Amino acid sequence: MMNETWIRRLRPEDLDAVAALNTTTFKGPEEAAIIRRLHADNDTLLSLVVHHHDEIVGHIEFFRILIDGRPSAVGLGPMCVLPEVQGQGIGSALVRMGLVVMAGRGESIVFVLGHPDFYGELGFSAEAARPFTAPWSGPAFMARIINDGAPASGELTYPAAFG
Ligand SMILES: CC(C)(COP(=O)(O)OP(=O)(O)OC[C@H]1O[C@@H](n2cnc3c(N)ncnc32)[C@H](O)[C@@H]1OP(=O)(O)O)[C@@H](O)C(=O)NCCC(=O)NCCS
């Protein structure tokens, strides 16, 4: 029997559905615009979607962050899960799968700006992000080390999509 829900890589033809999903879930167009710009600029490292039957109900982006000008970090986001299917483990599964892929590619540190409870459960902490200079700070700005050799501090540069 076929699985009802599965994760796969985003294909270019999914972008409209992914933009619509983000606009619905975030109740506004900001994240959809960031995603379109990330893809237009070729600034994504990994994009995953969650299928439930014929519908895309979840999505996550990973992108390059520079530390002191070097391509030595990864950013996570935007990500979202359709409100009707939130709280079923789909979001956590997306993050976990993405982190496995990033670790397999030799990436060492991943940054995120998001819900401390959700990302804390997934091994992220504000403490790990604190030594880094970024356009944001505070409890929502978190990092997780996924391999040895991660930079210990430095200034982060985000892709143009994040303004
Ligand atoms: C955040 C989000 C991606 C989580 O996806 P999900 O599929 O609901 O997540 P999971 O089912 O894997 O949830 C795992 C845990 O995170 C917690 N959690 C989920 N959403 C949360 C939220 N919005 N705030 C705080 N904690 C949250 C839950 O407590 C859950 O734990 P539980 O299962 O023990 O109750 C989803 O709720 C979402 O799209 N929210 C709106 C968009 C958004 O805020 N995206 C940005 C994330 S930075």
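For the chain, the Cβ-based charge dipole about the Cα centre amounts to some 320 debye (Lys, Arg positive; Asp, Glu negative; other atoms uncharged).
Separation of the stretch 1-48 from the stretch 115-135 is 23 Å, based on Cα centroids. Simple rule: put +1 on each Lys or Arg Cβ and -1 on each Asp or Glu Cβ in the stretch 5-162, find the dipole, and look at Ala20, Met142, His51; the Cα lying farthest toward the positive end is Met142.
Our helix-only sum for the chain, with -39,500 (n - 2.57) per DSSP H run of n ≥ 4 divided by its residues, gives a mean residue ellipticity at 222 nm of -8500 deg cm²/dmol. Highest GNM mean-square fluctuation among Val18, Val49, Val101, for the chain modelled with Cα contacts below 10 Å: Val101. The 3J(HN,Hα) values that the Karplus relation (6.51, -1.76, 1.60; θ = phi - 60°) gives for the stretch 73-89 are, in residue order, 9, 10, x, 10, x, x, 9, 7, 10, 3, x, 4, 10, 5, x, 10, x Hz. Gly and Pro appear as x.
Using C-alpha pairs below 8 Å separated by at least 6 residues, the relative contact order for the stretch 27-160 is 24 percent. Counting charges near His52 (Lys, Arg +1; Asp, Glu -1) among other residues having Cβ under 15 Å from its Cβ returns a value of -4.
The phi-based Karplus calculation (6.51 cos²θ - 1.76 cosθ + 1.60; θ = phi - 60°) puts the 3J(HN,Hα) values of the stretch 97-111 at 5, x, 5, 4, 5, 5, 5, x, 8, x, 5, 10, 8, 10, 10 Hz, whole numbers, x for Gly and Pro.
Give the angle, between 0 and 90 degrees and rounded to the nearest 10, that separates the Cα long axis of helix 30-40 from the longest principal axis of the Cα atoms of the chain. It is inclined by approximately 80 degrees.
Where a number appears in this text, it was derived from the coordinates with a stated rule and is not lab data. Note that the coordinates shown come from a computational prediction; the quantities given were computed from them, not determined experimentally. Every residue, glycine among them, receives a Cβ derived from its backbone with ideal geometry; neighbour counts consider all protein chains shown.
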